[in-house]
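The values are calculated or read from the model by the stated rules, or taken from the named source; none is laboratory data. Predicted model only: the values in this text are computed from it and were never measured. Don't worry about glycine lacking a Cβ; one is built from the backbone with ideal geometry, like all the others, and counts go over all protein chains shown. For the accessible areas, the whole protein counts, side chains as well, though only heavy atoms, and no ligand, DNA or RNA atoms are used. Shrake-Rupley method; radii C 1.70, N 1.55, O 1.52, S 1.80 Å.
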Amino acid sequence: MASFSLDEEVRLYTSNSEREKYNLLATLFGIIVALDYLERAYVRDSVTAVEYSPACTRLLSQYKTMLKLVEDEVPSIEEFMAKYRMDNTAALHRIKVGVPATVEHSSEAGPETAKWVAATTQSFITLMDALKLKLRAKDELHAYLQELVTGFARFKGSKDWEGRGKMVSWLITLNGMKASEELTEEQARQFFFDVEHAYAEFFRSLGGGKDDPS
């Protein structure tokens with residue numbers, strides 16, 4: 001029977017590759033905790049929107065990078081958090097949305113509204129064209145949708161628009177998929193329907209309830 005010392009350090013790894021794996025998992029763990037602290041600090045007004053936005057964007061970017069490096073070990077973020085008993089619901093929500101709260105909930109209109117209308121209109125058209133061209137994979141659609149959701153955030157009152165909520169919901173759906181995963185034809189059809197209605201609502205809202213000028 002092998003003997004061992006109770007004072008001997010127990011190692012999680014026995015090789016360099018295992019050590020690297022645990023280092024990566026520890027980094028992912030740390031990013032989630034940091035994001036959770038940031039979210040809660042923002043809600044409590046302990047950090048300003050100017051401080052919060054770039055910090056949140058950086059953490060989300062780091063999270064996405066780390067997830068790619070440990071994807072073989074992490075089937076889903078929910079499973080990772082459950083395995084390590086992480087109670088970080090604020091971070092989980094932010095990860096699922098994929099953009100800072102200042103983008104998700106912003107309702108402040110700036111001085112460049114005409115420019116933003118043109119840019120957001122182009123985002124709608126680009127996304128609808130992508131769906132018409134049968135693009136279905138996450139890595140083919142995600143950037144277009146994220147740009148659209150970011151554009152929505154620039155308009156006062158947009159948080160109350162039904163279309164914006166649906167676009168955020170679709171962003172959460174795409175964020176939950178792997179890069180190569182594709183929407184089903186039924187999902188794509190519903191997605192296009194929702195984008196088309198959000199586009200019409202966008203113009204009605206800007207025009208005080210008038211019909212889409214196009």
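At-a-glance table
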quantity: Across Lys96/Lys134; Lys96/Lys156; Lys96/Lys166, pairs whose alpha-carbon gap is larger than 18 Å; calculated: Lys96/Lys134; Lys96/Lys156
quantity: Kirkwood estimate for the chain, i.e. one over the average of 1/r between Cα atoms, Å; calculated: 19.5
quantity: About the Cα centre, charge dipole magnitude for the chain (Lys/Arg +1, Asp/Glu -1 at Cβ), debye; calculated: 440
quantity: Exposure rank, largest accessible area first [Ile31, Ile125; 1.4 Å]; calculated: Ile125, Ile31
quantity: Accessible solvent surface per residue of the chain, calculated while the other protein chains remain in place, 1.4 angstrom probe, Å²; calculated: 62
quantity: Protein accessible area in the chain, 1.4 Å probe - carbon and sulfur %; calculated: 52
quantity: FRET E, pair Arg44, Val70, Förster distance 41 Å, beta-carbon r, rounded to 0.05; calculated: 0.85
quantity: Among Leu145, Leu133, Leu92, residue whose mean-square fluctuation peaks in a GNM of the chain (springs only between Cα atoms under 10 Å); calculated: Leu133
quantity: Theoretical gain in end-to-end length, Met128 to Asp160 [0.36 nm per residue, Cα-Cα removed]; calculated: 9.3 nm
quantity: Where Rh is the Kirkwood radius over Cα pairs, Rg/Rh for segment 47-157; calculated: 1.03
